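Asks: Before I ask anything, let me first share the structure, which is written out below as structure tokens.
Just so it is clear, none of the values below were taken in a lab; they were calculated from the coordinates. Predicted model only: the values in this text are computed from it and were never measured. Cβ: placed from backbone, ideal geometry, glycine included. Neighbour counts: every protein chain shown.
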């Protein structure tokens, strides 16, 4: 079966809106269903991510396709023959690592709250195109994710790939003019990415070099994983840590 193809763009950062498209070549002939998860990997409290979908539509062979919302987080397309694409806008104003956030300074999303699950094709490989937002103010933005690249340059916009839907949503993505530092511990290269106010990055890796095993034990990750830390300006400076496997 063909890969499920997604694209995402911070379409209107000033309005906190992502535009996402999901394209499938082999939709269910009885009417393809799509759903957003009600949970996020590593955080299994029931959440209503679908409430942030502010508009949605479908097309097949350049013709509109009717979408029916059959419950609070599931949609069903009318039966079609041929490829089917679903495009939708997601409102992103959640500073936690469980959701999605977008403004003119940076973009972050957890895949569970922006990527529709194609019911019946969860085990199919997924391809993702991360598109740079339009405008000169975003020309220096980069991408930080542990998802495997498929054509994208390191820390670049472009094509990424996941073996299935579960892997797709298990790789958070940060975009912006973040600060990056790299170091080696236990013989493995690691990267640290910080968005927001940050101290001199040259000083960050030093504690890791002096005690290379300590960070891995602290975060309970195996050698070969990396820690991505995000400092986000809220009413008081708050730091949140995210763990991800390397791509």
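Asks: Those residues that are part of a loop (DSSP other than H, G, I, E, B) and surrounded by 15 or more Cβ atoms within 10 Å (Cβ to Cβ), I need them from the stretch 133-149; list them, please.
Replies: Of everything in the stretch 133-149, those that are part of a loop (DSSP other than H, G, I, E, B) and surrounded by 15 or more Cβ atoms within 10 Å (Cβ to Cβ) turn out to be 133, 141, 145, 146, 147.
Asks: Can you say whether residue 114 is buried (at least 22 other Cβ atoms within 10 Å of the Cβ), touching a residue at least 12 places away in the same chain (Cβ under 8 Å) and within 19 Å of residue 52 (Cβ to Cβ), as far as the supplied structure shows?
Replies: The answer is yes for residue 114.
Asks: Can you pull out every residue in the stretch 126-154 that is without any contact (Cβ under 8 Å) to a residue 24 or more places away in the chain and touching a strand residue (DSSP E or B) at 6+ places or on another chain (Cβ under 7 Å)?
Replies: 150, 151, 152
Asks: Out of the residues in the stretch 167-197 meeting the condition of being out of contact with any strand residue (DSSP E or B) (no Cβ under 7 Å at 6 or more places or on another chain) and surrounded by 15 or more Cβ atoms within 10 Å (Cβ to Cβ), tell me which one is nearest to residue 117 (Cα to Cα).
Replies: Residue satisfying both the conditions and the ranking: 169.
Asks: For a quick check of your reading: which strands (runs of 3 or more DSSP E) sit entirely within the stretch 1-78 and have at least 3 residues that are surrounded by fewer than 20 Cβ atoms within 10 Å (Cβ to Cβ) and in contact (Cβ under 8 Å) with a residue 60 or more places away in the chain?
Replies: The strands (runs of 3 or more DSSP E) meeting that bar are 4-12, 17-24.
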